1. Do we have LEU88 as within 22 Å of TRP199 (Cα to Cα) and assigned to a helix (DSSP H, G or I) here?
2. Condition first: part of a loop (DSSP other than H, G, I, E, B) and touching a Ser or Thr at 6+ places or on another chain (Cβ under 9 Å). Can you find one or more residues in the stretch 17-29 that meet it?
3. Which one is surrounded by the fewest Cβ atoms within 10 Å (Cβ to Cβ) among residues in the stretch 41-63 that are among the hydroxyl-bearing types (Ser, Thr, Tyr) and part of a strand (DSSP E or B)?
4. Return the total of residues in the stretch 191-226 being among the aromatic types (Phe, Trp, Tyr) and assigned to a helix (DSSP H, G or I).
5. It is to be established whether one or more residues within the stretch 151-165 are of a type in the set (A, V, I, L, M, F, W, C), part of a helix (DSSP H, G or I), under 23 Å from ILE202 (Cα atoms) and touching a residue at least 40 places away in the same chain (Cβ under 8 Å).
6. From the list VAL121, VAL82, VAL66, VAL134, which one is surrounded by 22 or more Cβ atoms within 10 Å (Cβ to Cβ) and at pLDDT below 90?
7. Quick check on ARG110: is it over 23 Å from GLY151 (Cβ atoms), basic (Lys, Arg) and out of contact with any His (no Cβ under 9 Å at 6 or more places or on another chain)?
Amino acid sequence: MSGRVGRGLVGAAVFVAGWWSLASTVPSYLLPTPAAVLGAFVTELTTPATFAFGGVELKLTELSAVLLQSLLHYVPGLLLGVGLGAPLGIALGYSTRLDEYFTPAVGLLRPIPPLAWMGFVIAWVGIGHAGAAVIVAIGSFWITLLGAHDGVRELPTEWIEVGESLGVRDHRTMVRKVVIPGVAPSVSTAVRTSLGRSWMIIVAAELFGAPGLGYRIIHTAQSLAMDVSMAYMVALGLAYLATDALFQVAREVAAP
């Protein structure tokens, strides 16, 4: 066992011990014990449930059905936000003229949190899967756009000069052959940040009524079923770790 893993296990043990000690001094509706949360997690993981979408019914468990509902918001929203943010960020970073045109708008809109758009999103597309996905897309869009933009701006000027010396003259070829490979690490980092932030955003978006992990966390907490609420919080953390690990593997596979 490596020292890093060992220290991680020790830290986790200390955290659980502290949690258990504190939970033993307060009522369970304020803070359930780790054993109660684990029991609720297992119950939700094994309780049968039906998930219906697009005329198809799947026999799942309660926890997997709720997670799948959140993924219906998470995946499309993330793909839309990254798919729009990356090319726009590269374009603004590469073109000084475009950057000058759009910097005021970016500076004005960037600080607005995704949830501030909830009223408009509900009016435009409703509060269901599409609405939550749009909120996720807004959050991941700005993270990816700014990461791509800053990555292009930080590229060494020598790269462009080398490209020109090799006969790359038109902007399209320069972007494809020089800029995109050079900015790939920055975009990759921005996408990874979006993976985590999008889970945070999606929980907040689902508090408005869209089904999923966020809705279940707040609904069970309002019913004082804190063990179930914390079980879904654990599921959220595990979902983030899984998506982050998958992204890391995909990045290593895609690396030359």
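1. Criteria not met by LEU88.
2. yes
3. To start, the set of residues in the stretch 41-63 that are among the hydroxyl-bearing types (Ser, Thr, Tyr) comprises 43, 46-47, 50, 61.
Checking which are part of a strand (DSSP E or B) leaves us with 50, 61.
On the way: THR50: 9, THR61: 16.
Selected residue: THR50.
4. Keep residues of the stretch 191-226 that are among the aromatic types (Phe, Trp, Tyr), which gives 199, 208, 215.
Filter once more, so that each one left must be assigned to a helix (DSSP H, G or I): 199, 215.
Residues flagged as among the aromatic types (Phe, Trp, Tyr) and assigned to a helix (DSSP H, G or I) within the stretch 191-226 amount to 2.
5. First, pick out the residues of the stretch 151-165 that are of a type in the set (A, V, I, L, M, F, W, C): 152, 155, 159-160, 162.
Retained after the next criterion (residues that are part of a helix (DSSP H, G or I)): 152, 159-160, 162.
Of the ones still in play, those that are also under 23 Å from ILE202 (Cα atoms) are none.
No, the stretch 151-165 contains no residue that is of a type in the set (A, V, I, L, M, F, W, C), part of a helix (DSSP H, G or I), under 23 Å from ILE202 (Cα atoms) and touching a residue at least 40 places away in the same chain (Cβ under 8 Å).
6. Working: VAL82 fails: at pLDDT below 90; VAL66 fails: at pLDDT below 90; VAL134 fails: at pLDDT below 90.
Of the residues listed, the single one that is surrounded by 22 or more Cβ atoms within 10 Å (Cβ to Cβ) and at pLDDT below 90 is VAL121.
7. Details: over 23 Å from GLY151 (Cβ atoms): no; basic (Lys, Arg): yes; out of contact with any His (no Cβ under 9 Å at 6 or more places or on another chain): yes.
Considered against the rule, which asks whether it is over 23 Å from GLY151 (Cβ atoms), basic (Lys, Arg) and out of contact with any His (no Cβ under 9 Å at 6 or more places or on another chain), ARG110 comes out as no.
Residue by residue, here is whether (1) over 23 Å from PHE141 (Cα atoms); (2) of a type in the set (Val, Ile, Thr) holds:
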| position | (1), (2) |
| --- | --- |
| PRO185 | no, no |
| THR189 | no, yes |
| ARG192 | no, no |
| LEU195 | no, no |
| MET200 | no, no |
| GLY212 | no, no |
| TYR215 | yes, no |
| THR220 | yes, yes |
| SER223 | yes, no |
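The values are calculated or read from the model by the stated rules, or taken from the named source; none is laboratory data. Here the structure is a predicted model, which is why all the values come from computation and not from measurement. All Cβ positions, even for glycine, are placed from backbone atoms using ideal geometry, and neighbour counts span all protein chains on display.
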